Amino acid sequence: MSREKPPMSDIAIRARHVSKVFGQSRVLDEVEFELRRGEVMCLAGENGCGKSTLIKIINGVYKPEPGVEFTFGDETLTTISPLEARSRGIHVIWQDLALFPHLSVAENIVFDDYVAKPWRPISYKEALRQSREIIQQFGLTLDPTARVEDLSIAHRQLVAICRVLRAGASIIFMDEPTASLTYKEVQSLLAITRTLADKGISIVLVSHRLAEVLEVCQRVTVLRNGQLVGTYPTVGMTQARLSTLMTGMELELTPRTNAWKGAPMLELDGLSRDGEFEDISFTLHRGEILGLTGLLGAGRTEIAHAIFGMTRPTSGEMRKEGKPLKLRSNRDAVRQKIAYLSEDRLHLGLVQNQSINMNSAVTVLPSLERPRGFLSPGRIKALTARWIEQLKTKVSDAELAVSSLSGGNQQRIALAKWLATEPDVLILDCPTIGVDVGAKAGIFDIIRSLADQGMAIILISDEAGEIWMNTDRALVLRDGRIATEIIPADTTEEALEAVINA
């Protein structure tokens, strides 16, 4: 049950009867949203449930259907524009942060001052003074003279926060703010949100990482299929219960217990690459899902790149089915039936402006040629249709750009392009990043099914729950070396998380 409504003086914003129709699709249906002053709230739901649409309506970007009411204190509005939203302190920090990488921290922080006012020369000295003031006011650690392009993702987050604070933010929506951060950086960001809330600023987090949501938020508002499921206190809420509210399904949260293990498929013996990883040794068997986990920077992705031929190790050996494996490029890896799904879906996993058909077929184009070297559209469509069906991908038209799909369905297409190569070894680098809880469950169902059919799989993730539920063995990396090996079925998720974050 949601809490009783607070007095109006305690409410930062209340939106009632929020509906939105795009064409024949009703994206939001009579949704209510309420945010208190100084509250950290989560807006939760699967991809496509209407979260972004609701934010854009509150931010004035989208115009809702007639009948909506926005309440600020004792004042009620029936419409809100982007300028009106900004004047009332409503700001959104989207996942891409929308910063200017070639400008300094100070210039990014005060940028809005020069956009909103008539043209005037920029005083760099004044920009430094103002940026230092806001940085110190909230106890942050930033060098205002540094270029944004030289900063880590975590520090860029701080720049984006400082910019909206400088612009007078009292309500801040943060879209997936922790998606690319290390554990320590996540904890630091969550601490900052608490500090902002203590100063009376209201924060709304949109995040698929449910453990973080329950750690920092006081309440969670859940949307499903464009409708409000409810607003609930996080006290007493569990990840399993929240997953059920978001999806409408009971998701089984238990470790994988697969006793079957086939012949060795891939062996690494003392594999090292200067400055990245050292003395990595393990054996991956047919039908096994081996987890590689650890904090960001521990060497997980670097090991994957070496196995896939994207980089060359400086020492050590690799063997596939007992034979020496020498890779000069990723093309060699593909010929050896090794596939790698990158963690960077937007830039390395898919070609966003190309069709779903072409993205599905790009790894096997030579096999889809007709005589004289021309591609066969019929073969491409047949290949795509096959994988769309097998991976249960929601696609209205395979000729549309892959960017038209939700995150979960994009990931299925990225997976399809590598399954089309019929690999023996499949490396999955954070395959559910930016994917909601329901889509995650579907993707892991596919992964487990592939392993049950005999495929050897390496699953890379820094989320303890993913490793605990979906791997047969897990290697915990620390500073480029294997720190320990864990059998998830013999431990708890909490114990595994403690080892990862040690």
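Points to keep in mind about this one:
- Matching entry among Thr238, Thr314, Thr234 (being more than 30 Å from Phe22 (Cβ to Cβ), without any contact (Cβ under 8 Å) to a residue 40 or more places away in the chain and among the hydroxyl-bearing types (Ser, Thr, Tyr)): Thr238
- Residue in segment 256-268 that is under 23 Å from Val435 (Cβ atoms) and under 22 Å from the mean Cα position of the chain (by Cα) present: no
- Test: residue in segment 217-236 that is touching a helix residue (DSSP H, G or I) at 6+ places or on another chain (Cβ under 8 Å), more than 18 Å from Phe33 (Cα to Cα), crowded, with 18+ Cβ neighbours inside 10 Å and at pLDDT below 95: no
- Just so you know, in segment 88-100 the residues that are in a loop (DSSP other than H, G, I, E, B), in contact with a strand residue (DSSP E or B) (Cβ under 7 Å, 6 or more places away or on another chain) and of a type outside the set (D, E, K, R) include one that is surrounded by the fewest Cβ atoms within 10 Å (Cβ to Cβ), and it is Gln95.
- The residue list Ile413, Ile433 contains one member that is in the same structural domain as Asn470 (by TED's automatic domain parsing), part of a loop (DSSP other than H, G, I, E, B) and closer than 27 Å to Leu284 by Cβ, which is Ile433.
- Residue under evaluation Ala304, criteria (1) touching a Leu at 6+ places or on another chain (Cβ under 6 Å); (2) within 26 Å of Asp452 (Cβ to Cβ); (3) among the small types (Gly, Ala, Ser), criterion not met: (1)
- In segment 326-351, residue nearest to Asp424 (Cα to Cα) [restricted to those that are assigned to a loop (DSSP other than H, G, I, E, B) and without any contact (Cβ under 8 Å) to a residue 12 or more places away in the chain]: Lys326
- Hey, Lys320 modelled with pLDDT under 95 and among the basic types (Lys, Arg) or not: no
- Some residue of segment 167-177 being modelled with pLDDT of 90 or more, surrounded by fewer than 18 Cβ atoms within 10 Å (Cβ to Cβ), farther than 21 Å from Ala298 by Cβ and out of contact with any helix residue (DSSP H, G or I) (no Cβ under 9 Å at 6 or more places or on another chain): no
- Every pair of residues 6+ apart whose Cβ atoms lie under 8 Å, when the first sits in segment 188-201 and is within 18 Å of Gly89 (Cα to Cα) while the second is of a type in the set (A, V, I, L, M, F, W, C) and at pLDDT below 90: Thr195/Phe138; Leu196/Phe138; Lys199/Phe138
- Residues that are at pLDDT below 90, touching a strand residue (DSSP E or B) at 6+ places or on another chain (Cβ under 9 Å) and not charged (D, E, K, R) within segment 462-502 comprise Ala464, Ile500, Ala502, listed in sequence order.
Residues are listed down the side, and each one gets a yes or a no for (1) within 24 Å of Glu463 (Cα to Cα); (2) in a loop (DSSP other than H, G, I, E, B):
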site	(1), (2)
Leu190	yes, no
Leu196	no, no
Glu212	yes, no
Thr231	no, no
Arg256	yes, yes
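- Any chance Arg120 is part of a helix (DSSP H, G or I) and either modelled with pLDDT under 95 or farther than 30 Å from Val229 by Cβ (or both): no
- Among the residues making up segment 294-321, those that are under 28 Å from Leu181 (Cα atoms), out of contact with any Lys or Arg (no Cβ under 8 Å at 6 or more places or on another chain) and part of a loop (DSSP other than H, G, I, E, B) are Leu296, Gly297, Phe308, Met310.
- Residue match in segment 68-79 (condition: at pLDDT 90 or above, over 20 Å from Met174 (Cα atoms), of a type in the set (S, T, N, Q) and touching a Ser or Thr at 6+ places or on another chain (Cβ under 9 Å)): no
- Test result for Arg319, assigned by TED's automatic domain parsing to the domain that holds Thr471, out of contact with any helix residue (DSSP H, G or I) (no Cβ under 6 Å at 6 or more places or on another chain), basic (Lys, Arg) and closer than 14 Å to Val425 by Cβ: yes
- Val222 being out of contact with any His (no Cβ under 6 Å at 6 or more places or on another chain) and not in a helix (DSSP H, G or I): yes
- Taking segment 140-183 as the range and being among the aliphatic types (A, V, I, L, M), without any contact (Cβ under 8 Å) to a residue 60 or more places away in the chain and part of a helix (DSSP H, G or I) as the test, the residues that pass are Val148, Ile153, Ala154, Leu158, Leu165.
- Looking only at residues in segment 372-407 that are charged (D, E, K, R) and outside any loop (DSSP other than H, G, I, E, B), the one that is surrounded by the fewest Cβ atoms within 10 Å (Cβ to Cβ) is Arg372.
- Selection status of Gly291, assigned to a strand (DSSP E or B), assigned by TED's automatic domain parsing to the domain that holds Thr393 and surrounded by fewer than 22 Cβ atoms within 10 Å (Cβ to Cβ): no
The values are calculated or read from the model by the stated rules, or taken from the named source; none is laboratory data. All values reported here derive from a predicted model rather than from experimental measurement. Cβ sites come from the backbone with ideal geometry, for glycine too, and all protein chains shown count toward neighbours.
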